[in-house]
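Down below is the structure, laid out as structure tokens.
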Amino acid sequence: MGNAETTIARTEYVISRTVYPLFFFGAIGAALLTIAKGWSLGAATGAIIGTTALTLILLEAIFPAKPEWRMTFRSFLRDAKYIAAAVATGAAASYVGAMLAIHVAGAGHSPVADLPLYVAVPLAILVFDLVQYWVHRWMHETSWPLGGFLWRVHAAHHLPDRVYVLMHPAAHPLNDLIVRQAINIGLIKLIGFNADAVFLFSVITAVGGLFSHFNLDVRAGWLNYLFTSTELHRFHHSADPAESGNYGVVTPFWDIVFGTFVYRPGILPARLGVDDPAAYPRSEQYWRVFLLPFRRTAQRVASGGATQGV
Ligand SMILES: [Zn+2]
């Protein structure tokens, strides 16, 4: 290896071990500073998520975990359609969420709103992820008719055979409504956490979501037992149903409790996507993917589900 190659390899090594804790805890620090200083929560959310997303997109272009999982111009055009649909769905769901929040606020003060942040945020994460875990697992593993429908809704997010930062929003609009908006906005706002707790929770969820699809050989070590990051969620996208556990979004806590935790340090899945791509439309075919939940042909990704040990 030449000097330049050694320097690049060393840089990649350092980045793979530092980028996640640096940005994850950096985002939490920035959020806490925003609360302490009384800055705008909305502006801070945009700044934190925007800075993280841009940095990760740049880093995965330079140091991809697998070059064949890189974003291409063609896959970007595919993502743009899903992002546009997600923005429209998100706007509609936010309106409903705001109406619910106003209704709850009018109904009285929630005792949860008085909890200190260090209690409220872990509680929000555990409650949110428990509901999210079972809805997500139901989507993947249940053959009962509604389960099949939910899988065909969720399949859009598993059709891509490459996983990188910007494919994160690639999902069916109904999936956004059910998983990302109804649970997030509905549950967290209905319980009545205060604005600071919802803000911190949202920053942790959003930054974790960006890292979960990051195409860089992240090694988060012991943090994988506390938060769901790249190494865990990438296995959730494995085309091999025997290893595609990790249903948790923010924390692997419920995966560990219910036996679906898959952590294999230093190992990348051989293939990403669904186990039988021929049974599905290609993810670029937006309207065929959009209509998929209303057809009865597609296979489920898992039969029996992943029950991998640690
Ligand atoms: Zn899934």
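A short reminder: the numbers here are calculations on the coordinates, not readings from a lab. Quantities reported herein were computed from a predicted structural model and do not represent experimental measurements. Neighbour counts are summed over all protein chains in view; Cβ atoms, including those assigned to glycine, are modelled from backbone coordinates with ideal geometry.
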Item to check | Kyte-Doolittle mean at least 1.0 and Cα axial length at least 30 Å: DSSP H helices in the chain | outcome: 41-62
Checklist entry - How high is the FRET efficiency between residue 131 and residue 9 when r is their beta carbon distance and R₀ equals 41 Å, given to the nearest 0.05? => result 0.45
Checklist entry - Tell me, what ³J(HN,Hα) does each residue in segment 164-176 have, in order and in whole Hz, if you take phi through Karplus 6.51 cos²θ - 1.76 cosθ + 1.60 with θ = phi - 60° and put x for Gly and Pro? => result 8, 3, 6, 7, 3, x, 5, 7, 5, x, 5, 5, 4
Next on the checklist: If each DSSP helix of 4+ residues adds -39,500 (n - 2.57) and the sum is divided by the residues in the chain, what number results at 222 nm, nearest 500 deg cm²/dmol?
Outcome noted: -18000 deg cm²/dmol
Checklist entry - Residues with amide H under 5 Å of residue 272's amide H, sequence separation 5 or more or different chain, H placed in the peptide plane at 1.01 Å from N; which? => result 239
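Gain in length, residue 96 to residue 39, computed as 0.36 nm per residue apart minus the alpha-carbon separation, to one decimal in nm?
17.9 nm
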Next on the checklist: How much of the pair distance distribution for the chain lies past 24 Å, counting alpha-carbon pairs only, in percent?
Outcome noted: 54
Checklist entry - Hey, with R₀ at 35 Å, roughly what FRET efficiency would residue 195 and residue 58 work out to, going by the Cβ-Cβ distance, to 0.05? => result 0.65
Checklist entry - What number, in percent, do you get for the relative contact order of segment 3-294 if the mean sequence gap of Cα pairs under 8 Å and at least 6 apart is divided by its residue count? => result 26
